[in-house]
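Trainee: Shown below is the structure under consideration.
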Amino acid sequence: MNKVSENPSKNRTLPPLVVIVGLLITCYLTANVMSVKLINIGGITLFDAGTIIFPITYMLGDVLTEIWGFQTAKRVILLTFLCEVVFTLFAWLGVLFPYPVATTATAEAYRAVFNFVPRITIASLLAFLCGELINAWTMARIKEKTQGRHLWVRTIGSSVFGFIADTTIFVCIAFVGTVPMADIFTMIGIQIVVKLLIEAVGSTPLAYALIGRLKKKYELEN
């Protein structure tokens, strides 16, 4: 058995599925907002600030796929995609509305962060959708091939494919033509490495802990 149905009507606490979905959406929206802040060290543009939290979204996606199955993970990914569209639309509208002169500094600060450049918005949405779906699908396939053994192989292995797709799509669509090509390749390579390091060092142990606890709670086998 690899899927769990929820019946929150008999429990006053939030079901684990709801908590994980909420965290996934929050982490992705945070990563997306922070993606406009580039980190430059030694004159080289390395990665955007969203890279720091983004691997957590993949970890939560891994938990969804492992416990509730690929179809549930896919629905949550599509829901997160929809939430990002809604967030982007209303943030953009908020920036367009007139404001009192006394709040000009605040309005300009909001404009600097939330006046989404169309290509960056499209890049972020497409990268997330493709990367997360590839990650979830790959994890499900690896689980089948390994017969549920070696959780770390599927969490890290699926992330490799997901990160490559996500990072390449986002950086190419968002930044080609605006920064030197050498920086483009540097950003792609370093972002993938940084994301995988965060995944291996931080996200995978968290995934093990969450998945172990949920499997015990629902009395699931591998």
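The values are calculated or read from the model by the stated rules, or taken from the named source; none is laboratory data. Worth saying up front: this structure is predicted, and the values here are computed from it rather than measured. Here the Cβ is made from the backbone with ideal geometry for all residues, glycine too, and neighbour counts use every protein chain on show. The accessibility values were calculated without ligands, DNA or RNA, using every heavy atom of the protein model including side chains. Shrake-Rupley method; radii C 1.70, N 1.55, O 1.52, S 1.80 Å.
Trainee: Working only within the stretch 201-217, note down all residues that are open to solvent by 50 Å² or more (accessible area, probe 1.4 Å) and touching a residue at least 40 places away in the same chain (Cβ under 8 Å). Before you say what the answer is, go through the steps one by one.
Mentor: Keep residues of the stretch 201-217 that are open to solvent by 50 Å² or more (accessible area, probe 1.4 Å), which gives 201, 205-206, 208-210, 213, 216-217.
Matches in the stretch 201-217: Leu206, Tyr208, Leu210, Lys217.
Here is a yes/no grid of residues against (1) within 14 Å of the chain's Cα centre (by Cα); (2) surrounded by fewer than 20 Cβ atoms within 10 Å (Cβ to Cβ):
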| residue | (1), (2) |
| --- | --- |
| Leu151 | no, no |
| Phe161 | yes, yes |
| Val171 | no, no |
| Ala182 | no, yes |
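Trainee: Yes or no: the stretch 176-185 includes at least one residue that is in contact (Cβ under 8 Å) with a residue 24 or more places away in the chain, assigned to a helix (DSSP H, G or I) and over 19 Å from Ile56 (Cα atoms).
Mentor: Taking every residue of the stretch 176-185 in turn, at least one turns out to be in contact (Cβ under 8 Å) with a residue 24 or more places away in the chain, assigned to a helix (DSSP H, G or I) and over 19 Å from Ile56 (Cα atoms).
Trainee: Would you say Leu220 is more than 22 Å from the chain's Cα centre (by Cα) and either more than 20 Å from Arg75 (Cα to Cα) or not in a helix (DSSP H, G or I) (or both)?
Mentor: Yes: the conditions hold for Leu220.
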